[in-house]
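Student: I have a structure I would like to understand better, so I am pasting it below and will then ask my questions one at a time.
The values are calculated or read from the model by the stated rules, or taken from the named source; none is laboratory data. Keep in mind the model is a prediction, meaning the values are calculated, not measured. Here Cβ is always computed from backbone atoms with ideal geometry, including for glycine, and neighbour counts include all displayed protein chains. SASA here: full protein model, heavy atoms, side chains in, ligands and nucleic acids out. Shrake-Rupley method; radii C 1.70, N 1.55, O 1.52, S 1.80 Å.
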Amino acid sequence: MSDVHPTNQLNGARRSLPCDSALRKRSAKVIPGGMWGHMSAKSLPPAYPQFFRSAEGVHLTDVDGNSYIDFVCAYGPMIVGYNDPDVEEAAGRQQARMGIANGPGEVMVDLAEFLVETVPAADWAIFGKNGTDATTACVSIARAATKRRKILVANGAYHGAVPWCTPWPGGVVAEDRAHLLYYDYNDVSSLEAAVGEAGDDLAGVLVSAFRHDARIDQEMPTADFAHAARAVTDRNEAVLIIDDVRAGFRLDLGGSWEPLGVQADLSAWSKALGNGYPIAAVTGKDWLREAVQTVYVTGSFWCAAAPMAAALATLRKLHRGDAVTHMARLGEKLRSGIESQAAARGIGIRQTGPAQMPLILFDDDHTLEKAYLFSTKALQRGVYLHPWHNMFLSAAHTDADIDLTLEATDAALEAVADVFG
Ligand SMILES: Cc1ncc(COP(=O)(O)O)c(C=O)c1O
């Protein structure tokens, strides 16, 4: 791989991005704000490109021809490699036969069956396009099932980009969130207080697979918290909803809380499900079958067959390859390598979250100057890290990729030591 991979050729030399700059200028005229949302390079160091030309395996090439080993994976959707031949073949074959029609293809049933077979908390599945479709449907299903209104969400958690949950204020009115109540992740007493506040109007508790809020240390759910979330929803005949949109299929192929022995009533999935093809799913328990049929879940493209074929191929490949173990092992290798490099220089860093979805933050770095310098230096050596958002390992990363990455992080940490001491 390193033979053909040009990432290290520049050895830290500054890259110029003339095509990227030109596209940013054109974009500013016709696409207000660039429409980049969380994928905006505006909140990344200036050396980061906004626009990309191609993607293959774990390598991204920007519009100026610079290539990077990627640890952001399109913010999660890429899990078996960009342009994966098995996924592309399955999606292409389905698309050639039938992309969209007046109803779904048989692949929708195949995919639902696969999810029901492999996700222990799934007795049924429905499909959409984006994670927000799935989380929003979960909230509606919980309300429809319980005939109650209050949904509990963790302070600071991200669940999507529509008024009930978007972190940005534009276009949101108080009524959009009138029936949300808040608790702190991993804080059982704050969860119980919010349950108390909801009283007999509690429809459900929505909880992320782990605490993956940006710019702060990540937290795995404690067993106490996960079991408490299950217990309070059981006690109140309310719905436990796990938002597995971001973490789904990276921590456990059966659902992120399976290792904790806690099953949700509803789970929201998207991102990695189709290895980049637009698809989301809600899976749920039998007792919600009636309720889900009273919620109008549809969209012009929700039955598109190629993303479903892509999802089936992705899931089969993940199961065949013991992907979770692979991602965790490589994530640990990266983490421990960076830990030693930082310790050798006396640099205080915090690496949090699961190894396969790592976040690296520096001590005493409230303005992210160290993180920006570190990630810029790594980028200039051909490794695309994220300075403040959790990153993603994939089943396509190899030991050789991690070795090359550790060469880049070593040089990047040296630069941090030089500047910050
Ligand atoms: C935990 C979580 N939930 C929901 C969403 C929304 O998904 P989408 O952007 O596909 O609508 C995201 C997206 O980043 C997410 O990370």
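Student: Before we move on, is Ala144 in contact with a helix residue (DSSP H, G or I) (Cβ under 7 Å, 6 or more places away or on another chain), surrounded by 17 or more Cβ atoms within 10 Å (Cβ to Cβ), assigned by TED's automatic domain parsing to the domain that holds Leu240 and in contact (Cβ under 8 Å) with a residue 60 or more places away in the chain?
Tutor: When the stated conditions are applied, Ala144 passes them.
Student: If Thr166 satisfies every condition in (1) among the β-branched types (Val, Ile, Thr); (2) away from the ligand (no atom under 16 Å from the Cβ); (3) surrounded by 15 or more Cβ atoms within 10 Å (Cβ to Cβ) but one, which is the exception?
Tutor: Here Thr166 clears every test but (2).
Student: Among the listed residues Ser190, Ser208, which satisfies the condition of being without any contact (Cβ under 8 Å) to a residue 24 or more places away in the chain and of a type in the set (Gly, Ala, Ser)?
Tutor: Ser190
Student: Moving on to the next point. Pro49 - would you say it is touching a residue at least 40 places away in the same chain (Cβ under 8 Å), over 20 Å from the mean Cα position of the chain (by Cα) and assigned by TED's automatic domain parsing to the domain that holds Ala395?
Tutor: Answer is no for this residue.
Student: Related question: Among the strands (runs of 3 or more DSSP E) contained in the stretch 38-147, which hold 1 or more residues that are within 16 Å of the ligand (Cβ to nearest atom)?
Tutor: By residue number, 124-128.
Student: Kindly indicate the residue of the stretch 381-421 that is assigned to a helix (DSSP H, G or I), open to solvent by less than 10 Å² (accessible area, probe 1.4 Å) and not hydrophobic (A, V, I, L, M, F, W, C) and also farthest from Ile349 (Cα to Cα) among those meeting that condition.
Tutor: Asp401
Student: Mind listing whichever residues of the stretch 52-69 are free of Cβ contacts under 8 Å to residues at least 12 places away in the same chain and either open to solvent by less than 40 Å² (accessible area, probe 1.4 Å) or not assigned by TED's automatic domain parsing to the domain that holds Gly382 (or both)?
Tutor: Passing the criteria: only Thr61.
Student: In this structure, is Gly12 of a type outside the set (Val, Ile, Thr), surrounded by 14 or more Cβ atoms within 10 Å (Cβ to Cβ), modelled with pLDDT under 95 and not in a loop (DSSP other than H, G, I, E, B)?
Tutor: The answer is no for Gly12.
Student: Sticking with this structure for a sec: With the checklist (1) in contact (Cβ under 8 Å) with a residue 60 or more places away in the chain; (2) farther than 21 Å from Leu251 by Cα in hand, flag the one item Ser300 doesn't pass.
Tutor: The failed condition is (1).
Student: Could I ask something else about it? Scan the stretch 225-253 residue by residue and report those that are in contact with a helix residue (DSSP H, G or I) (Cβ under 8 Å, 6 or more places away or on another chain), more than 14 Å from the ligand (Cβ to nearest atom) and open to solvent by 10 Å² or more (accessible area, probe 1.4 Å).
Tutor: His227, Ala228, Asn236, Glu237, Asp252, Leu253
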